[in-house]
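Working notes for the structure below.
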Amino acid sequence: MTRYADGAEQYRSAYLRGLQPDPELWVDEWADQYMRIPRETGAAEPGPYRTERTPYAREPMRCLSPSHPAKRVVTMVASQLMKTQIALNWIGGCIHMAPANILMLLPSLALAKRVSGRVGKTIDATPVLRKRVAAPRSRNASNTMDTKEFEGGTLYATTAGSASNLAELAARYIYGDEIDRWDVDVDNEGDPIELAETRASTFGRHAKVYFSSSPTIKGASRIADLFAQSDQRHYYVPCPHCGERQVLEWENLQYTDDYRQVQYLCCTCGCLIDEHHKGEMLARGEWRAHAEGDGETVGFTLNALYAPLGWVSWLGLAKQYDKAKAAQDKGDLEPMQVFYNTRLARLWDAAQEMTKASELKARAEDYPLGSVPRGALILTAAVDTQHNRLELLVIGWGEGMERWVVDHQVIMGDPADERTWALLDEKLKVRYRHVSGVEMAICATGIDSGGHHTDEVYQFTRLRRWRNVLALKGSSRAGRPVLAQRPSKVDVTWRGTTHKEGAELWMIGTDTAKDWIYNRYALGEGPGALHFSKDLPDDFYDQAVAERKIARYVKGHKRIEWIKGKADRNEALDLLVYNLAMAHLLGLNRYREAEWAKLRQAVSQGSLFDAQANAEEAPVPAPLKTASPPPAAPAPVALGRRRSVSGYLNRR
């Protein structure tokens, strides 16, 4: 006969277990007593977990204990030191001692599956957890890759890239791993970190949040921002010679050219410390806070110099640094950024290797905005759309793509208001006086169509294509040309087909354009150089260098990205990119000496009635609008005359 489960017995067993008090242990004590590291995960040291192997992990685990008053724990540490194992110990301790819903968030779905698999293997290897977590079955959804039910709650493993993942459940414990790799804005609903913490708001002081990551770039690192809110604890270890406690810093590592001697220089007694002393130093180390913090966040930072013996050695770090330094000397900054982020747990500031705003400002020249210097032979313009204004930048181009900032204006007004665009139209019709006396018109204008005013940009450019007033949009794909070979039609007829006479959208390769611009910031004269007027505001230079180039790995593939700080403005850089795209539209990047000579001849033929025609260095007035202007420099546009008739506007 088939034997069925005795429901009454199961009820009594569960009831008696519920009457037993939960273990009163800190997470580190629980890990030392119960945690097992499974061999199936490929760990270098499988078997019973020992906190004494990584003594610096004890205090973070104590702060994560349910009875500790800290609400948020932040670890900004180097890779492969303690972040994930601390999370596993914490999750296991919570399931055993204080069960409740646990939300585990990872940057990508692939990483979420990998970490969830590691959690599953850890549960199987740890007896006290195996008894409490539902066994995986093919027809049972209680234990799957992303959901693991246990007595008193459920563990959810998912990504931080979806707003629904962050809003559909409540959890007492929140774990966010590698938060610097998370999206900045999730589905236009805000910061994922704030969305994640909101899931634990109903638990009040009983909630616990753990964020871990190695830092990335200065001004854009979330883990650095959270660490700045904390009490900023650093690990102090004693010198084996003088006993003075100190923080291990990379600058004090001393090694010979042949790497035969790699030692640490004590900043107190000046003695050299061999690496074999590190085990004793770590065991006697202690965490010390460097700030008061917000009262509810505890933060820890640690670099790879603290790695236990047998893990990352000082010798390996020295070799990796020298390799990165050699690449940096050749212009490749990526290896050094990786070393800073993953080994030193430091922010990478690419601006240290790039032209600074102060250097650009120091090169400002004595010519007023609104005038065209002698070397500028043709004008382009760019417009950036913001929620309450339009920003205009006019660039004068000379031989070899040398550039001068001719005009910079901010048009205050809502881009949804037609009057704002009417004012812009008047400014684009302004003619600028060259030092020779010739009045020059803008030959091509690019307008940013991104943001919340795409339709207004299309409407403005639709009937002004004959003036080369074009809608632009940055391409999300890296390695694209500065300007696409042809535009895409964005107006659709009532039949669902694109309208030939409708609005056009030109895609630009922003990464390619920014590479071209940044590589020429250091040039003061000659082809490719950029000249600034003394009348430009100070923040213009800050905006021009607001972005930095970093390397990220997405699904195992390296991706080079330009990124800026969350509070930084980059309108000036965007305007320089759009002007470069307009120069490519006019074909200036392909001009030879003959074409530039024709432009020089055109701007040198000033009006005979202009009193300043022969005064080379006389003051230049502001831009003029005239009903019958003098002969202007011809626009070297290879494009045919564009029709201003749009059937799109007359469609039924």
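The values are calculated or read from the model by the stated rules, or taken from the named source; none is laboratory data. Just so you know, these numbers come straight off a predicted model, no measurement behind them. Glycine gets a Cβ as well: all are built from the backbone with ideal geometry, and neighbour counts include every protein chain shown.
Key figures
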read-out	value
Top-ranked residue in the stretch 1-17 [being surrounded by 10 or more Cβ atoms within 10 Å (Cβ to Cβ) and within 17 Å of Lys131 (Cα to Cα); ranked as modelled with the lowest pLDDT]	Arg17
Selection count where residues are touching a residue at least 60 places away in the same chain (Cβ under 8 Å) and not in a loop (DSSP other than H, G, I, E, B), scope the stretch 27-38	7
Any chance Asp183 is of a type in the set (Asp, Glu) and at pLDDT 85 or above	no
Matching residues in the stretch 39-90 - criterion: being polar (S, T, N, Q) and in a helix (DSSP H, G or I)	Thr41, Thr51, Thr84, Gln85, Asn89
Residue match in the stretch 369-386 (condition: touching a Leu at 6+ places or on another chain (Cβ under 9 Å) and surrounded by fewer than 23 Cβ atoms within 10 Å (Cβ to Cβ))	yes
Test: Leu379 is in contact (Cβ under 8 Å) with a residue 60 or more places away in the chain, more than 16 Å from Asn570 (Cα to Cα) and not assigned by TED's automatic domain parsing to the domain that holds Thr445	no
Residue match in the stretch 339-359 (condition: surrounded by 17 or more Cβ atoms within 10 Å (Cβ to Cβ), within 30 Å of Thr420 (Cβ to Cβ) and in contact (Cβ under 8 Å) with a residue 40 or more places away in the chain)	yes
Criterion (within 16 Å of Gly310 (Cα to Cα) and either out of contact with any strand residue (DSSP E or B) (no Cβ under 8 Å at 6 or more places or on another chain) or of a type in the set (Phe, Trp, Tyr) (or both)) met by exactly one of Ala57, Ala44, Ala31	Ala44
The stretch 433-452, residues that are under 16 Å from Leu392 (Cα atoms) and not acidic (Asp, Glu)	Ala441, Ile442, Cys443, Ala444, Thr445, Gly446, Ile447, Ser449, Gly450
Residue identified as modelled with pLDDT under 85 and out of contact with any Asp or Glu (no Cβ under 9 Å at 6 or more places or on another chain) among Thr493, Thr512	Thr493
Test: Gly400 is crowded, with 18+ Cβ neighbours inside 10 Å, over 19 Å from Leu369 (Cα atoms) and assigned by TED's automatic domain parsing to the domain that holds Phe532	no
Residue check, Val410 surrounded by 17 or more Cβ atoms within 10 Å (Cβ to Cβ) and outside any loop (DSSP other than H, G, I, E, B)	no
Subset tally (residues that are hydrophobic (A, V, I, L, M, F, W, C), in a loop (DSSP other than H, G, I, E, B) and touching a His at 6+ places or on another chain (Cβ under 8 Å)) for the stretch 284-321	1
First in the stretch 84-95 and touching a residue at least 12 places away in the same chain (Cβ under 8 Å), second anywhere and among the polar types (S, T, N, Q) and in a helix (DSSP H, G or I), Cβ under 6 Å, 6 or more apart	Leu88/Thr122
